[in-house]
Amino acid sequence: MRAAILRYPGTWSERDFAHALGVLGVRSEIVWHADADLAGFDAAIVPGGFSYGDYLRAGAIARISPGTAELRRFADAGGLVLGSCNGFQILCEAGLLPGALVRNAGLEFRCDWVGLRVESEATPFTRGLGGEILRMPIAHGEGCWVADEETMAALERAGQVVFRYVDARGAATPEANPNGSLRNIAGVRNGAGNVVGLMPHPERCSEDLLGGSDGARVLACLASVRGATAPVPVGI
Amino acid sequence: MTAFVATIHVRPKDEVRDPQGEAVAGALRALGVPVDDVRTGKEIVVRFDAADETGALEAARRMGDQLLANPVIERFEVQLGRDGMRS
Amino acid sequence: MTAFVATIHVRPKDEVRDPQGEAVAGALRALGVPVDDVRTGKEIVVRFDAADETGALEAARRMGDQLLANPVIERFEVQLGRDGMRS
Amino acid sequence: MSPFPVVAGTEAAQPNQDIPREVGLTDFEAGRVRELLGREPNALEWAMFGAMWSEHCAYKHSRRLLRTLPTSGARVAVGPGENAGAVDVGGGLLCVFKAESHNHPSAVEPFQGAATGVGGILRDIFAMGARPVALLNALAFGDPAEGSTRRAVRGVVGGISFYGNCVGIPDVGGHVSFAPAYGGNPLVNAMCVGLVPADGLASAATARPGSAVYLVGSDTGRDGIAGASLLASFELGSGDDAKRPSVQVGDPFVEKLLLEACLELIGAGAVEAIQDLGAAGLCCATSELAARSGTGMRIDLAAVPRRARGMAPFEVMLSESQERMLVVARPGREDEIERVFARWELHAARIGEITADQTLDVRDGGAAVASLPPAKLADGAPEYDIDALADSYRAERRDAADMFRAGVRADADMNEEVLRVLASPEVASRRVLYRTYDQMVGTDTVVGPGADAAILRIKGRADGIAVAIDAQPRAASRDPYVGAVAAVAEATRNLVCVGAEPLAITDCLNLGNPERARGAWELRETVAGIGAACRALGVPVVSGNVSLYNATGGIDIPPTAVIGAVGHVPDVAGYLGAAAVRAGDEVLLAGSVPVDDWLDEMDLGLEVRLQRFVLAAHRAGLARAAHDRAEGGLAAALAEMCIRAGIGAAATLPAVRGASTATALFAESPSGIVLAAAPADTELLRGLAAEHDVPLRTLGAFGGDAFALGPVTLSLRAIADAHAEGLERALGRIG
Ligand SMILES: Nc1ncnc2c1ncn2[C@@H]1O[C@H](COP(=O)(O)OP(=O)(O)O)[C@@H](O)[C@H]1O
Ligand SMILES: [Mg+2]
């Protein structure tokens, strides 16, 4: 498994992902958006951050970057793509995932731990995790996922909702929803299942020292897609 | 080339949730203004050169399509004028 | 009471830096549009009832003053109409 | 050639008394400028002196006093004087940190003022070559019931959140005070902590003649409040709106690009010297860099990329447009510098070069517009001795500073009082504020906001660093010396409470008018208190900032020394916290007992012994959890431990002769730490306390789901809710 981590101007989770993947033994490389070449990679991660300052709309300007065009080619060819936080926003803006992410209800940026229920196993990032309740951090101001009713219904029918915000008992209550997302949606996949986006940050909860390691369970799915190599040493 | 100024008004589609509008409505009610409904949008004022009005209008529409509005949730309108400040 | 709809246009004052506008200008140039300058603002569309046009205009101005615009860095303009959708 | 080439400007010939005054120089200072130069400066040159010799840039009233602070120590790698200080955390790594105020801009525009304050402190850190790893902030606002305070809180917290989150630096802690005196003058102090390999430090003192000078980042516009007073003296068309200087607006996106590009180039060795642009913009950056390097510099203002049309040379020199850096290229690396900045989509304009002649030679196209010795600009301002003025102040005794105890009558229902204290804006949880800050980006935050101190790991190592920021304005408003001592003691004690050894501090002094007797006295006493505490505790001051003239309606704010402390955690996985309590653990109080008259004198000796004892207990594995007694006294300290651990307690109040129940519950005497220890360990713990000559009392035990302390019995749920919702209620966000 070799993962590319896409870096746009303003991305800030790329090193965090590289570290978390390294702990799991996944080799990764941070690639610059302007000259990104994803040939030869098994997976592409679109990490969190404020690409282009998130001006206009989160992910709007990143959408027109050459890196996003390359990402589209890669996904169309069946490459695995995981977008977290700003990455999810970019994937929606780019039309690689359905719906859009708008300002949080209440308008405030929120950094907190949330509960997530895995709704679909039909992705390379959630295999074997169906029904599990995970704890992960969020950190976003525009994470309210919206779509028109038709899209929403089609998505539910096709099982494309991958993560939902839930309380400790697994119930998708309004209190468990940190941003007003439609039907507590925290993450979705495309029709083929090779592109997944979620607002939470699996890379921030991949070691017990950081308060939880449920993120490692998601990233480990990726690691198991093809044989993982030995843990990669990491410095600062 | 002539100097144009286009204002592109971007608004959430009617059926899309507008958290900012909801918050503003709440705040206005708290201020004692009995508002019925609030929707928020953006306006982007672009100064640019184009050969003529048709070209300018087309360019402005392209800006809206390709960047300024997200068709999944937004619609936009273009308002075009000559740029008196520059021409 | 009559149903009114006011659009409050809020823009950064001319002399105030608009980083969002700068970023959008850069993006538009990357798309090949030779823009000279971009400024971004907000528009807030408020539907509400008022006794008459004077009252409505006054209410809309108060919204701008008290909530919608930050007078230190922004200015606003009110555009008032009857609310055809409701009245 | 004369060292001062003839300079364009109509005023050059005859002395003009108005211009120096209008740029903020006193007649005495203007005389000194003329004396240093041996000629009459032109208008631009006056403006440059006015900016560089302002209190903000020149520390005229505080420099003499600051020199008395202890600044050296075995772990100090960089002391005050650079963009930020640094301590050695071992393994070839330095921890760089500094706190800075942005009070005045935040009073004008809370959101942008706070945002650009964060931007400024970040640039100070990466100008040292260090990667920022954490932000903290210390804030002070007026009465939370006032609408203006609520707007200020929203604006300031929103601005910090906007900027820090976008750049992607976690906010891991802070401090918030509320007092009416801050109503018209809120305090916004931002602190940043960074890490850099010892051999990767960058500096502003290392430029050499012949090297190219670049101005990088945002274009230069007419931003900057400091410009306001200057504009008057240049009589620009009044009513010409576009020419008015405006509030600085931050662009965290450009800051992020600047940070990455600068660190990449510094890491590659392409940068010979670097200086951030802050107050007084290009004027300050060019003169300071040249002065520190012992060189001159020639720059051409025509090469400066501008955002506004028709800017005059003085506007370009003094603009405080944000997100800019001055970068001196190592010879032969110019192409690389240009390439890297271009890849990060930033403008890098070559605006001049370093010269050997000790002159800052400013041109505008072909014309020479200013020619001044940089050392005189940067370091030539007079220092004022405020001793005599301070001596003339007759300190009057003011009310007791323990706000809670003072308000509690002997016959009050103590259950109600405890809930009131826990829900008060001074004590209640700050979560409603810090949940809008990204606390985890970087994946180094082991303990974030909400604890006594935050803990950051260092990837690839077992050890880490701890940071805390504190202030004691209520104590200081009664006695600035004791308040300053207490602030240093609290910040370092907070480090100790998480098991970290204090290494050094940064201090950010927020005070009133030093030209009045009381202000002078407060400044002197504050610095003396910090110095005394630092010497006793063995923690040097490695960086700091002074903000004077803070007042609301002509009344000075309480002297507010904000202390940011950095410590070393030998083993981050085994940190000490407040939450690791288990049922059955004993509740112990180490150190002082609550008394009424602690403000008369603080026992620094006890504080030192207490801190050593708790660190020793932690190292010996005898303490399970710790939390210091601070705002709200013992009641708040024990309640907060119970809330964090999710476990109740049953404890008695320490018996102190002559002290009332209210004192025992709520007095904020320093030098007290509540500990949790397993019953099997308490014997050894007592022995260790005796060795350290620290009083240690058993008050009771943890367990159950009731909070019982002396006469108080409340459910855990009740104290948790009061603490969790208090601030939101006080700010009127929930009913
Ligand atoms: N402005 C702020 N931003 C982030 N965290 C804050 C802020 N103010 C306070 N905190 C955090 O809230 C907790 C309580 O603050 P404080 O009462 O000052 O603690 P202490 O008494 O232990 O110094 C600390 O963890 C502190 O870091
Ligand atoms: Mg504490």
Picking from D:ARG657, D:ARG629, D:ARG644, the residue that is within 15 Å of ligand 1 (Cβ to nearest atom) and either touching a Leu at 6+ places or on another chain (Cβ under 9 Å) or over 18 Å from D:ARG493 (Cβ atoms) (or both) would be D:ARG629
Might you check whether a residue that is among the acidic types (Asp, Glu) and within 7 Å of another protein chain (Cβ to nearest Cβ) occurs anywhere in region B:63-72?
no
From the options C:ARG75, C:ARG61, C:ARG11, residue that is part of a strand (DSSP E or B) and surrounded by fewer than 18 Cβ atoms within 10 Å (Cβ to Cβ)
C:ARG75
Strands (runs of 3 or more DSSP E) (entirely within region D:68-147) containing at least 3 residues that are more than 16 Å from ligand 1 (Cβ to nearest atom):
D:76-78, D:85-88, D:93-101
Tell me whether region A:127-139 contains one or more residues that are buried (at least 24 other Cβ atoms within 10 Å of the Cβ) and more than 14 Å from chain D (Cβ to nearest Cβ).
no
Among the listed residues D:ARG609, D:ARG644, D:ARG629, which satisfies the condition of being surrounded by 23 or more Cβ atoms within 10 Å (Cβ to Cβ) and among the basic types (Lys, Arg)?
D:ARG629
Which residues, counting only those in region D:450-484, are among the β-branched types (Val, Ile, Thr) and away from ligand 2 (no atom under 16 Å from the Cβ)?
D:ILE458, D:ILE465, D:VAL482
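Among what's in region D:322-345 and is within 14 Å of D:LEU282 (Cα to Cα) and in contact with a strand residue (DSSP E or B) (Cβ under 6 Å, 6 or more places away or on another chain), pick the residue that is surrounded by the fewest Cβ atoms within 10 Å (Cβ to Cβ). Before you say what the answer is, go through the steps one by one.
Going residue by residue through region D:322-345, those that are within 14 Å of D:LEU282 (Cα to Cα) are D:322-328.
Among the residues that remain, those that are also in contact with a strand residue (DSSP E or B) (Cβ under 6 Å, 6 or more places away or on another chain) are: D:323-328.
Values: D:GLU323: 28, D:ARG324: 27, D:MET325: 25, D:LEU326: 28, D:VAL327: 28, D:VAL328: 27.
Across region D:322-345, the extreme among qualifying residues is D:MET325.
Could you list all residues from region D:666-686 that are among the β-branched types (Val, Ile, Thr) and within 17 Å of D:LEU653 (Cβ to Cβ)? Give the steps one after another, and end with the answer.
In the first step, residues of region D:666-686 are kept if they are among the β-branched types (Val, Ile, Thr); the result is D:673-674, D:682.
Within region D:666-686, D:ILE673, D:VAL674 meet the criteria.
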Please find, among D:ILE673, D:ILE647, the residue that is touching a residue at least 60 places away in the same chain (Cβ under 8 Å) and either of a type in the set (Asp, Glu) or under 15 Å from D:ARG582 (Cβ atoms) (or both).
D:ILE647
Please tell me if A:CYS92 is of a type outside the set (A, V, I, L, M), without any contact (Cβ under 8 Å) to a residue 40 or more places away in the chain and crowded, with 23+ Cβ neighbours inside 10 Å.
no
Could you tell me which residue of region D:206-228 is farthest from D:THR286 (Cα to Cα), considering only residues that are in a strand (DSSP E or B) and within 14 Å of chain C (Cβ to nearest Cβ)?
D:ASP223
D:SER203 is checked against (1) modelled with pLDDT of 90 or more; (2) under 30 Å from A:TYR55 (Cα atoms); (3) out of contact with any Lys or Arg (no Cβ under 7 Å at 6 or more places or on another chain); (4) part of a loop (DSSP other than H, G, I, E, B) and fails just one. What number does that condition carry?
(2)
Filtering region D:468-479 for residues that are more than 9 Å from ligand 1 (Cβ to nearest atom) and crowded, with 24+ Cβ neighbours inside 10 Å leaves a count of 4
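Residues are listed down the side, and each one gets a yes or a no for (1) buried (at least 19 other Cβ atoms within 10 Å of the Cβ); (2) within 15 Å of ligand 2 (Cβ to nearest atom); (3) assigned to a strand (DSSP E or B); (4) within 14 Å of another protein chain (Cβ to nearest Cβ):
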residue	(1), (2), (3), (4)
D:ARG535	no, no, no, no
D:VAL542	yes, no, yes, no
D:PRO558	yes, no, no, no
D:HIS568	yes, no, yes, no
D:ALA583	no, no, no, no
D:LEU599	yes, no, no, no
D:HIS618	yes, no, no, no
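From the list D:VAL421, D:VAL432, D:VAL447, which residue is within 16 Å of ligand 2 (Cβ to nearest atom) and under 23 Å from D:ILE734 (Cα atoms)?
Details: D:VAL432 fails: within 16 Å of ligand 2 (Cβ to nearest atom); D:VAL447 fails: under 23 Å from D:ILE734 (Cα atoms).
That would be D:VAL421, the only listed residue that is within 16 Å of ligand 2 (Cβ to nearest atom) and under 23 Å from D:ILE734 (Cα atoms).
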Out of D:VAL421, D:VAL498, which single residue is farther than 23 Å from D:PRO180 by Cα and either away from chain A (no Cβ under 14 Å) or within 11 Å of ligand 1 (Cβ to nearest atom) (or both)?
D:VAL498
Looking only at region C:38-56, decide whether some residue is assigned to a helix (DSSP H, G or I), small (Gly, Ala, Ser), more than 7 Å from every other protein chain (Cβ to nearest Cβ) and within 17 Å of B:ALA25 (Cα to Cα).
yes
For region A:2-39, the count of residues that are among the acidic types (Asp, Glu) and either more than 17 Å from the chain's Cα centre (by Cα) or in a strand (DSSP E or B) (or both) equals 3
Output for region D:149-175, where each listed residue is at the interface with another protein chain (Cβ under 9 Å from one of its Cβ atoms) and aromatic (Phe, Trp, Tyr)
D:PHE162
Which pairs have Cβ atoms under 7 Å, sit 6 or more apart or on different chains, and link a residue in region D:488-506 that is basic (Lys, Arg) to one that is part of a helix (DSSP H, G or I) and more than 11 Å from ligand 1 (Cβ to nearest atom)?
D:ARG493/D:GLN611
Any residue at all in region B:18-36 that's surrounded by fewer than 21 Cβ atoms within 10 Å (Cβ to Cβ), more than 9 Å from chain C (Cβ to nearest Cβ), aliphatic (A, V, I, L, M) and more than 19 Å from the chain's Cα centre (by Cα)?
yes
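With D:GLY113, D:GLY92, D:GLY158, D:GLY117 as the choices, which residue is buried (at least 24 other Cβ atoms within 10 Å of the Cβ) and within 30 Å of D:ARG457 (Cα to Cα)? Give the derivation first.
Details: D:GLY113 fails: within 30 Å of D:ARG457 (Cα to Cα); D:GLY92 fails: buried (at least 24 other Cβ atoms within 10 Å of the Cβ); D:GLY158 fails: buried (at least 24 other Cβ atoms within 10 Å of the Cβ).
Exactly one of D:GLY113, D:GLY92, D:GLY158, D:GLY117 is buried (at least 24 other Cβ atoms within 10 Å of the Cβ) and within 30 Å of D:ARG457 (Cα to Cα), namely D:GLY117.
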Check off (1) modelled with pLDDT under 95; (2) in contact with a helix residue (DSSP H, G or I) (Cβ under 7 Å, 6 or more places away or on another chain); (3) on the phi < 0 side of the Ramachandran plot for A:GLU121 and give me the number that stays unchecked.
(2)
Among the residues of region D:449-467, how many are in a loop (DSSP other than H, G, I, E, B) and either over 18 Å from the mean Cα position of the chain (by Cα) or of a type in the set (Ser, Thr, Tyr) (or both)?
7
Some residue of region B:72-82 being at pLDDT below 95, out of contact with any strand residue (DSSP E or B) (no Cβ under 7 Å at 6 or more places or on another chain) and within 26 Å of A:ALA105 (Cβ to Cβ):
no
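From D:VAL546, D:VAL587, which residue is in contact with an Asp or Glu (Cβ under 9 Å, 6 or more places away or on another chain), more than 14 Å from D:THR492 (Cα to Cα), β-branched (Val, Ile, Thr) and not in a loop (DSSP other than H, G, I, E, B)? Can you show your working first?
Numbers: D:VAL587 fails: in contact with an Asp or Glu (Cβ under 9 Å, 6 or more places away or on another chain).
Answer to the selection: D:VAL546.
Any residue at all in region D:427-448 that's part of a strand (DSSP E or B) and near ligand 1 (Cβ under 10 Å from one of its atoms)? Let's see the steps before the verdict.
The initial filter retains those residues of region D:427-448 that are part of a strand (DSSP E or B), namely D:445-447.
Narrowing the set further to residues that are near ligand 1 (Cβ under 10 Å from one of its atoms) leaves D:447.
Yes, region D:427-448 has at least one match.
The values are calculated or read from the model by the stated rules, or taken from the named source; none is laboratory data. Remember, it's a predicted structure, so these values are computed and weren't measured experimentally. Neighbour counts run over all protein chains shown; Cβ positions are idealised from the backbone, glycine included.
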